[in-house]
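A short reminder: the numbers here are calculations on the coordinates, not readings from a lab. Quick caveat: nothing in here was measured; it's all calculated off a predicted structure. Note that each Cβ is placed from the backbone with ideal geometry, even for glycine, and that neighbours are counted across all protein chains shown.
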Amino acid sequence: MFKRLPEAQPGSSSVPVTIDGRPFAARDGDSVAATLLAAGVPACRTTPVSGALRGPFCMMGVCFDCLVTIDGQPNKQGCLVPVRAGMRIERQSGARIAFDAAQERS
Amino acid sequence: MSRDYDIAVIGGGLVGGAIAYGLARVGRRVALLDEGDVAYRASRGNFGLVWVQGKGLGLAPYGNWTQRAARLWPDLARALREETDTDISLEQPGGFHVCLSDAEMDNRVASLTKLVGQAGFERYAFEVLDRAALAARVPGIGPEVVGATYCALDGHLNPLRLLRALHAAFIKRGGAYLPMQKVEGIARRSGRFVVDAAGEQIGAAQVVLTAGLGNATLALQVGLHAPVRPQRGQIIVLERVQRFLDYPMSTLRQTDEGTVLIGDSQEEAGFDESVGTAITATQALRATRIFPRLLDVRVNRTWAALRVMSPDGFPIYEQSATQPGAFVVTCHSGVTLASAHVFDLAPRIAAGELGPEMKPFSAERLNVQKAA
């Protein structure tokens, strides 16, 4: 779906990350959102209220559509976080969990 | 477009919207004049509780009126759904007031006991829960929580959808919603009122002042007294999380869509609508003492809005003695009382007489001479 511009191709080194547990070679200097698009993952979450698909849109920290779970932290803005080696990126479904009510009750 | 109406309602917030809709329901031709986005608009900043617990200490009829409103709420929610297809997300599972120390708990129980024991108060049962009893119904409470009081009449709803639904239902019943109409003056000519708004004149046999903080000056023009003042409240909005809380609390609630709201601050700050961390930090700290797991849930935004407070905190409902047909309606619980305003107060206004039941809410109570 997305292709890099020829002038952006050379030079930068590869950064190993996982997306939903699968290894992916991200590009050093890319954001998490750009990594998702480069990996062919246009939708990174579903909305809490209607369950609609959402993916990176504004790429500049405004729209909050690119929320993903990064290293276990839910609702991170993917476009504002640069990839790092070993990063765990996970798509998220609906609202995050504050705590498990059943577990707290026991 | 006709500029003559049976009744002009001045102020298009939750109070004015409810009164106007209630008047339209009993067949009146009503104009609802709304100032515009420069208005203070308490209706767009409130917390959304339908709250009974604790209200009415010092004025038993207010406690009874609040209970009546809570019982009428399912009817209003149903009417709005049928007429406007709007779900205002009303839930009335009862609500908790959480206490974080033994002293708080003792004070709370003493205050509620005094409240329901007042002469003329329609006594309702409130529950006192210790820590274990509360934990069984509300998972996730922190180690500092001592207990809570519970009242089965309490609830909550989506106040923005309520405001929109009241306007929509009013318009659907033939009401004239007139935005951008700041009222400059109200005059009485040969038994009718002439309202000057945005350079136009609107005629009506009756006027109802529901202008929130604007009532303080408007009331004087028609021989009424409504010395309301702003009281600032601040609200913290957390990100949406999966449902963990099935009950509203006096300082914290989770909406049907998962958002967590933290509220209930009270400050005397004049007309300053700004937010400040001095207050929000205290609110956040208390919320995380109640639910420690909220510590890693993000804050999405904060806002402040101005409550419309009378000197004693109770509503003012009054018809002008010198200019009959002019009414003032003001309260700080525009959500809770909306159902009573639609089904009970509006028909009284339409009939031209508030009746003895509304006498306790006259501003006359504020005119007691101070002892020298």
- Note on the structure: The answer for B:ARG188, listing residues at least 5 apart or on another chain whose modeled amide H is closer than 5 Å to its amide H, is B:VAL194
- Query: By the gyration tensor of its Cα atoms, with a ≥ b ≥ c the square roots of the eigenvalues, what is the shape of segment B:178-284: rounded for a/c under 1.5, prolate for a/b over b/c, or oblate?
  - Reply: prolate
- Task: Take the Cα radius of gyration of segment B:229-309 and divide it by 2.2 N^0.38 Å, with N its residue count; two decimals is plenty.
- Result: 1.10
- Note on the structure: Place a point 7 Å from the Cα of B:GLU127 in the direction of its beta carbon; the residues of segment B:220-255 whose amide N falls under 19 Å from it are B:244-254
- Tell me what chain B gives for mean residue ellipticity at 222 nm when only DSSP H runs of n ≥ 4 count, each as -39,500 (n - 2.57), the sum divided by the residue total, rounded to 500 deg cm²/dmol. -8500 deg cm²/dmol
- Query: Taking amide hydrogens as modeled 1.01 Å from N in the peptide plane, which residues meet the under 5 Å criterion relative to B:ALA269, leaving out close sequence neighbours?
  - Reply: B:ARG232
- Residues whose placed amide H lies under 5 Å from that of A:ALA26, excluding near-sequence neighbours: A:VAL15, A:VAL17
- Task: Please report B:ASP85, B:ASP344 as a ranked list, fewest other C-beta atoms within 10 angstrom at the top and most at the bottom.
- Result: B:ASP85, B:ASP344
- So what does log10 I(q)/I(0) come out to for segment B:270-337 at q = 0.24, 0.26 Å⁻¹, using the Debye formula with one equal point on every Cα and no solvent? -1.09, -1.12
- Please list the radius of gyration and Dmax for segment B:132-177, considering alpha-carbon atoms only, with Å as the unit. 19.3, 55
- Note on the structure: Taking GluC sites (Glu not before Pro) in a DSSP loop with at most 16 other Cβ atoms within 10 angstrom as exposed, one finds the longest site-free stretch of chain B at B:1-121
- Kirkwood hydrodynamic radius for chain A: how many Å is it when counted over pairs of different Cα atoms? 14.5
- Which of B:ILE236, B:ILE19, B:ILE262 has the fewest Cβ neighbours within 10 Å, and the rest in rising order: B:ILE236, B:ILE262, B:ILE19
- Note on the structure: Short to long, in 10 Å steps from zero, the percent of alpha-carbon pairs of the protein assembly as shown per bin is 4, 18, 24, 22, 16, 10, 5, 2, 0
- Correct semi-axes for segment B:52-177, from √(5λ) of the alpha-carbon gyration tensor and rounded to whole Å with the largest first, are 33, 19, 10
- For B:LYS359, the lysines lying under 24 Å Cα to Cα, once residues fewer than eight places off in the same chain are dropped, come out as B:LYS55, B:LYS114, B:LYS370
- Item | Normalised contact order of chain A, rounded percent, pairs of Cα under 8 Å and 6 or more residues apart | 29
- Within 10 Å of each residue's Cβ, count the other Cβ atoms and sort B:TRP65, B:TRP51 from fewest upward. B:TRP51, B:TRP65
- Task: Pop the C-beta distance of A:ASP20 and B:GLU144 into the FRET formula with R0 = 41 Å and round what comes out to the nearest 0.05.
- Result: 0.60
- Measure nothing but the geometry: give the 0 to 90° angle between the long axis through the Cα atoms of B:159-172 and the longest principal axis through the Cα atoms of chain B, rounded to 10°. 30
- Query: Based on DSSP H runs of at least 4 residues, each adding -39500 (n - 2.57), what is the mean residue ellipticity at 222 nm of chain A after dividing by all its residues, to the nearest 500 deg cm²/dmol?
  - Reply: -2500 deg cm²/dmol
- Message: Give me a comma-separated list of calculated 3J(HN,Hα) values for segment B:144-156, in order, Karplus coefficients 6.51, -1.76, 1.60 applied at θ = phi - 60°, integers in Hz, x for any Gly or Pro.
- Response: 7, 6, 8, x, 7, 9, 9, 10, 5, 7, 6, x, 7
- Report the convex hull volume per residue for segment B:95-152, counting only C-alpha atoms, in Å³. 64
- Message: Just to be sure I understand: if I project the alpha-carbon convex hull of segment B:229-372 onto a plane and average over all orientations, what area do I get in nm²?
- Response: 12.3
- Most mobile of B:LEU162, B:LEU49, B:LEU112 in a GNM of chain B (Cα contacts under 10 Å): B:LEU112
- Efficiency of FRET between B:ASP102 and B:ALA269 - r from beta-carbon atoms, R0 30 angstrom, step 0.05: 0.40
- With all pairs of different alpha carbon atoms counted, what Kirkwood hydrodynamic radius in Å does chain B show? 21.3
- Note on the structure: For the B:THR282, A:MET1 Cβ pair and Förster radius 35 Å, calculated FRET efficiency rounded to 0.05 is 0.15
- Output the relative contact order of segment B:90-249, whole-number percent, from Cα pairs under 8 angstrom with separation of 6+ residues. 25
